[in-house]
Amino acid sequence: MMSHSWKHPAWWMHKDHWKHVLNMANLWSTRHHLLYPGIRLPEPAEGLGDVILKRPDVSLRGWVERPGQSDALVVFGGNNMPLSLFRSFFKDCTEKTVYLVPYRGFEGQAGTPSEPALVGDAKALLEHVRRRHSGSVAVLGISLGTGVAMQAVHTCQSDIERLLLVTPYDSILNVAKHHFLGFPVERMLKDWYESFKLAPTLNIPTLVMRSALDEVVPPDSTDRLLEAFGNPLPVLSAPLTHSQWWYEPWIHQTRTFMNAWLDGPIPKPEVFHVSEPDVPREVSWSQAVWSSGLKW
């Protein structure tokens, strides 16, 4: 008679099998929240702002900071980034008019996020901004927003002056494969955000801010995207985890470099390594490079 002792190898095989099944079921049931955790973000106490972007199925609202400028900046945030809390930060990053519209489903926004929906909203927002500004339009994508931004600008490249990508990835699918080894993520994930396919076709001056210690977007995912561009880009690399750009003491340096990139001359396509967060606020890109001890 076969023993049913917990020591028997068959018990361990049976246990591991069901553990894997349960983990897969849990991943399946939560996959949407894992990619779009921002759907849990509450609506800001002050509301969603006055910008109204009418879409076929929803009307989206957001904020305009520093209105009335000829040039504009459009920000596409991360997948758990409350744009309402960063309004003053982005306003201080540039002299341009800044547009901040949370993704559908985020911060009390109507609708449900998906890749086609977010990209469609982003394209509509860029069209909305381009019609209202006679000057240049810059685009900033952060984490998830880098994939949204790259798809949005792809069809209107001649109208975009520059693009800034913070902690970008080659594809969300590859990021998911990194975190969920052994799971059929290709079948479980609907939204792949394959930025590497668009990179070779973008002819917009682009800067990448890379987190060398990123625990969310693996640094090699960022590096694969950089390779996909084909031509060298200016890259700002710092020994940071995924979100450290946005917290003390680094947030001041983040503002400095964003200001230099968004409002200053286009830097040369080199890799700049930042080691210390000690750059003063009002400096040009070249001054920021030298005073921060950047190495390349």
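Simple spin-label estimate for THR201 and MET188 gives 3.0 nm between the two label positions (7 Å along the Cα-to-Cβ direction from each Cα).
Across every pair of non-identical alpha carbons in segment 48-291, the mean reciprocal distance, once inverted, gives a Kirkwood radius of 18.1 Å.
A Förster distance of 30 Å, applied to the separation of the beta-carbon atoms of ALA212 and ALA45, puts the FRET efficiency at 0.25. The order of THR112, THR222, THR167, going from fewest to most other C-beta atoms within 10 Å of their C-beta, is THR112, THR222, THR167. For segment 48-291, lysine pairs separated by 8 or more sequence positions, or belonging to different chains, with Cα-Cα distances below 23 Å total 8. Database remark: amide H of LEU53 closer than 5 angstrom to the amide H of LEU60, ARG61 (H placed geometrically; neighbours at sequence offset of 5 or more, or on other chains; Pro and chain starts carry no H). One chain, two ends: SER134 and THR155. Fully extended at 0.36 nm per residue, the span grows by 5.7 nm beyond their Cα-Cα distance.
Residues whose amide H falls under 5 Å from that of LEU240, counting only those 5 or more places apart or on a different chain, are ALA212, LEU213, with hydrogens built in the peptide plane.
Derived scalar couplings between HN and Hα for segment 40-45 equal 8, 5, x, 5, x, 4 Hz in order, rounded to whole Hz, by the Karplus curve 6.51 cos²θ - 1.76 cosθ + 1.60 (θ = phi - 60°), x for Gly and Pro.
Taking only the alpha carbons of segment 135-208, we obtain Rg and Dmax values of 13.6, 49 Å in that order. Using θ = phi - 60° in the Karplus curve 6.51 cos²θ - 1.76 cosθ + 1.60, the 3J(HN,Hα) couplings for segment 157-166 round to 4, 5, 9, 10, 7, 7, 10, 10, 10, 10 Hz; x is entered for Gly and Pro. Taking other Cβ atoms within 10 Å as a rough exposure proxy, PHE106, PHE272, PHE229 sort from fewest to most as PHE229, PHE272, PHE106.
Of the peptides 245-251, 195-201, the ranking by mean beta-carbon count within 10 Å, highest at the top, reads 195-201, 245-251.
All of the numbers you see were taken from the coordinates with simple rules; none came from a lab. None of the values given here were measured: they were computed from a predicted structure. Here the Cβ is made from the backbone with ideal geometry for all residues, glycine too, and neighbour counts use every protein chain on show.
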